[in-house]
Amino acid sequence: MPLLIAGNSLFLAIRIKTINGHDITFPVVHYNEGNDYDPNTGFYTCRIPGTYWFSASIGKLAGVNDYINCYILVNGSPKMGLTFILDNDNNNHRYTVSGSGGFHLNIGDRVWVGDCTHPENIYNNYSTHFSGVLIRPDA
């Protein structure tokens, strides 16, 4: 059984909703220990300084012959890209791209998935998700 320290932070949210034309939220929340993820804004706001691990997966609609590009952003700065570049999807396949990485966060830092090109081409199902976990709080 994993040890959960007081003040832990962990979330998993799925599906998407486009806001302001290029940022997305993940409104279906499966778990949100600490309530640090806001499904209305799509922002994870750091409450406990430390090292975190974030992951995001973006699914592409079948038959779409256009690219999709999104980023995991920390305080508005792109840290990791999630990119589909397809010249031909005549077979109507669905594809998923995932990315994950560790970041040090301070109190008030925000992490989200955004700056998306063609978010209308994202497959809004359970393969599209955003998650994060506090790995180690600062001493």
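The values are calculated or read from the model by the stated rules, or taken from the named source; none is laboratory data. Because the structure is predicted, anything quoted here is derived from the model rather than measured. Note that each Cβ is placed from the backbone with ideal geometry, even for glycine, and that neighbours are counted across all protein chains shown. Accessible surface is based on the protein model in full, side chains and every heavy atom, while ligands, DNA and RNA are left aside. Shrake-Rupley method; radii C 1.70, N 1.55, O 1.52, S 1.80 Å.
Remarks
- Pick from the stretch 109-124, criterion open to solvent by less than 50 Å² (accessible area, probe 1.4 Å) and assigned to a strand (DSSP E or B), ranking: modelled with the lowest pLDDT: I122
- Failed condition for S127, given (1) open to solvent by less than 50 Å² (accessible area, probe 1.4 Å); (2) closer than 17 Å to L12 by Cβ; (3) at pLDDT below 95; (4) assigned to a strand (DSSP E or B): (4)
- Flag if Y52 is in contact with a strand residue (DSSP E or B) (Cβ under 7 Å, 6 or more places away or on another chain), crowded, with 17+ Cβ neighbours inside 10 Å and at pLDDT below 95: no
- Unique match (being modelled with pLDDT of 90 or more, more than 13 Å from F130 (Cβ to Cβ) and open to solvent by 60 Å² or more (accessible area, probe 1.4 Å)) among N106, N92: N106
- Going through (1) at pLDDT 80 or above; (2) surrounded by 18 or more Cβ atoms within 10 Å (Cβ to Cβ) one by one, F84 falls short only on (1).
- On the stretch given as the stretch 11-62, residues that are within 11 Å of N124 (Cβ to Cβ), in a loop (DSSP other than H, G, I, E, B) and in contact (Cβ under 8 Å) with a residue 60 or more places away in the chain total 4.
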